[in-house]
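Engineer: Please see the structure below; I have some questions.
The values are calculated or read from the model by the stated rules, or taken from the named source; none is laboratory data. Keep in mind the model is a prediction, meaning the values are calculated, not measured. In this analysis, Cβ positions are derived from the backbone assuming ideal geometry, glycine residues included, and neighbour counts consider all displayed protein chains. Each accessible area value is taken on the protein alone, full model and side chains, heavy atoms only, with ligands, DNA and RNA left out. Shrake-Rupley method; radii C 1.70, N 1.55, O 1.52, S 1.80 Å.
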Amino acid sequence: MYKVFYKPTKDKWMGDIMPFGKNGKFYLYHQRDPRKPGPLTDNDEPFGWSLATTEDFVNYEDHGDAIPAGDKNDPAQWIYAGSVFEAGGKIHAFYTGYNKKAEQEGKASQVLLHGVSHDYEHFQKNVDKLLLPAQKGYDKTDWRDPWVIWNQDKNEYLLILGTRLAGPKSKLTGRIVSFTSKDLKNWSFKGDFFAPNLYTGLEMPDLFKMGDWWYLLYTEYSEQSKTRYRMSKKIDGPWLKPRDDAFDGRAYYAARTAFDGKRRVLFGWVPTRENGKGDKVNWEWGGTYVPFELIQRKDGTLATKLPDELTQQFTTKIKINDITITNETGRTEKVIAQNTGRHFVLDMDVSCNEDISNIALRIFKNVKTDESYQYLLSADDQRIIFDKSPEWPWFQVMNKGLDRPLPKVNFKKMHIKLVVDKDIFVILVNGISLVTRVYHKFGNDLAIAVANGKAKFSNITLRK
């Protein structure tokens, strides 16, 4: 059982989340894949959108189906991602309908559709038979994930979606395109909105304003599969790249945001490994969702934090004395907690000298075999890296994309939060997060290590 992160049922996995916020409440429209026989396979059971609501990320209400899946003749046989917003006294959902028969017949298999609701819980499906198929020159099998907002400057609705140019997927033609409308019924295609020529495809776009900045979010359809963002002082760009443009690593996918009037929260999901075979194999579609609050730094870039309510539910606090570790020529390690279990939260402040090479957090450590999972905070490489330690026999974790930039300036003074929820790990270092999912429990201890330098660990608190 997960005690921190929400998963609605034991036999279904969460896919893309279409969040909507209002008056302190979040409406999490999402896909639930039964994986019969497997995620997004040819014989997989169709899914629609389900709904769960929360005000505190601890207590949830499950509302069941909001937009049901369809039959083989329904253009929305499967309901892929979209967005929810309010307009004209109604709640609107723009979504991607996928029909397998259409794909088999070489027709447009992914089209944009429109639904409406009066109670947030049940939508009238395909209300106006709006069909916005792929435009000429774009890939008709990659045309999805509409995001709709009101453009106050131009007094019109703006719809953006992820796609790519027609042609082989070896070409890096992923882009975001846009439509505009005055009435949500008649749409004008405006062409490319963002075309960086960096990825095979772009998915799950999101567009919002915070302070003086507009932010364009997207998930790259590539081997990295990271959710990234760009910044602009105008709604239509130009879109500037921050030095660290990702929110997390390979194991945090398809994230989108919602604002409930108090905070803007990012909703992405942590995938499982293929067929649950363990740490060595690749990731697969669907998993368990993790929310991050977005914090705007002074320069406009975005940091992340877990909602406070998530960790405050761990009421058993264990205070650990301050620890200083020094080793100028190698590595020294110290176990700081035993019998941690599979659900705990660690908070601590760390300060390092200028010569430090790295510090490490070792989780589920077995003191006899010296095996553990490890977050390595490397000052030399200026990265956070997740791996098994030791990796022998090489390799034990397929960790491509399980790393984040960590500029060396952070090592002067950093706050580290580590959350372990069964098989999901989340680390945050000064607003920089890295999520992963693991498949083994080597032992029950928690250790810290320091290499080639000096580090002081203070204000150490373990919550169970």
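Engineer: If you take just the strands (runs of 3 or more DSSP E) that sit entirely in the range 182-263, which of them hold at least 2 residues that are of a type in the set (Gly, Ala, Ser) and either out of contact with any Leu (no Cβ under 9 Å at 6 or more places or on another chain) or crowded, with 22+ Cβ neighbours inside 10 Å (or both)? Don't jump to the end; show me each part of the working.
Structural biologist: Numbers: elements: 188-194, 201-210, 213-221, 227-232, 253-259.
Qualifying strands (runs of 3 or more DSSP E): 188-194, 253-259.
Engineer: When the residues of the range 108-133 are narrowed to those that are modelled with pLDDT of 90 or more and over 15 Å from Ser83 (Cβ atoms), which ends up least open to solvent (accessible area, probe 1.4 Å)?
Structural biologist: Lys125
Engineer: What number of residues in the range 97-128 are part of a strand (DSSP E or B) and either touching an Asp or Glu at 6+ places or on another chain (Cβ under 6 Å) or of a type in the set (Lys, Arg) (or both)?
Structural biologist: Going through the range 97-128 one residue at a time, the tally reaches 1.
Engineer: Restricting attention to the range 79-107, report how many residues are open to solvent by 10 Å² or more (accessible area, probe 1.4 Å) and either of a type in the set (D, E, K, R) or within 24 Å of the chain's Cα centre (by Cα) (or both).
Structural biologist: Qualifying residue count for the region: 12.
Engineer: If I filter the range 353-382 down to residues being hydrophobic (A, V, I, L, M, F, W, C) and within 24 Å of Ile318 (Cβ to Cβ), which single residue comes out as surrounded by the most Cβ atoms within 10 Å (Cβ to Cβ)?
Structural biologist: Leu377
Engineer: Still on this structure, I have one more. Please determine whether any residue of the range 162-183 is out of contact with any strand residue (DSSP E or B) (no Cβ under 8 Å at 6 or more places or on another chain) and closer than 22 Å to Thr257 by Cβ.
Structural biologist: Among the residues of the range 162-183, not one is out of contact with any strand residue (DSSP E or B) (no Cβ under 8 Å at 6 or more places or on another chain) and closer than 22 Å to Thr257 by Cβ, which makes the answer no.
Engineer: Is it the case, given these coordinates, that Thr173 is in contact (Cβ under 8 Å) with a residue 40 or more places away in the chain, of a type in the set (Val, Ile, Thr) and either over 22 Å from Leu113 (Cα atoms) or out of contact with any Phe, Trp or Tyr (no Cβ under 7 Å at 6 or more places or on another chain) (or both)? Before the answer, list the steps.
Structural biologist: Working: in contact (Cβ under 8 Å) with a residue 40 or more places away in the chain: no; of a type in the set (Val, Ile, Thr): yes; either over 22 Å from Leu113 (Cα atoms) or out of contact with any Phe, Trp or Tyr (no Cβ under 7 Å at 6 or more places or on another chain) (or both): yes.
It is false that Thr173 is in contact (Cβ under 8 Å) with a residue 40 or more places away in the chain, of a type in the set (Val, Ile, Thr) and either over 22 Å from Leu113 (Cα atoms) or out of contact with any Phe, Trp or Tyr (no Cβ under 7 Å at 6 or more places or on another chain) (or both).
Engineer: When you look at Lys169, is it among the basic types (Lys, Arg) and out of contact with any Ser or Thr (no Cβ under 7 Å at 6 or more places or on another chain), yes or no?
Structural biologist: The answer is no for Lys169.
Engineer: Wholly within the range 393-464, which strands (runs of 3 or more DSSP E) include no fewer than the required count, namely at least 3 residues that are open to solvent by 10 Å² or more (accessible area, probe 1.4 Å)?
Structural biologist: 445-463
Engineer: Out of (1) under 23 Å from Phe267 (Cβ atoms); (2) open to solvent by 10 Å² or more (accessible area, probe 1.4 Å), what's the single condition that is false for Gly70?
Structural biologist: (1)
Engineer: Here's a follow-up. Looking at Thr288, Thr340, can you tell me which residue is within 20 Å of Asp56 (Cβ to Cβ), among the polar types (S, T, N, Q), touching a residue at least 24 places away in the same chain (Cβ under 8 Å) and surrounded by 17 or more Cβ atoms within 10 Å (Cβ to Cβ)?
Structural biologist: The match here is Thr288.
Engineer: Consider Ser50 against the criteria (1) surrounded by fewer than 21 Cβ atoms within 10 Å (Cβ to Cβ); (2) touching a residue at least 12 places away in the same chain (Cβ under 8 Å): it satisfies all of them except one. Which criterion is unmet?
Structural biologist: The single condition Ser50 does not satisfy is (1).
Engineer: In addition: Tell me the strands (runs of 3 or more DSSP E) entirely within the range 300-365 that contain at least 2 residues that are touching a helix residue (DSSP H, G or I) at 6+ places or on another chain (Cβ under 6 Å).
Structural biologist: Passing ranges, in order: 343-352.
Engineer: State the number of residues belonging to the range 1-35 that are open to solvent by 10 Å² or more (accessible area, probe 1.4 Å), assigned to a strand (DSSP E or B) and among the aromatic types (Phe, Trp, Tyr).
Structural biologist: Going through the range 1-35 one residue at a time, the tally reaches 3.
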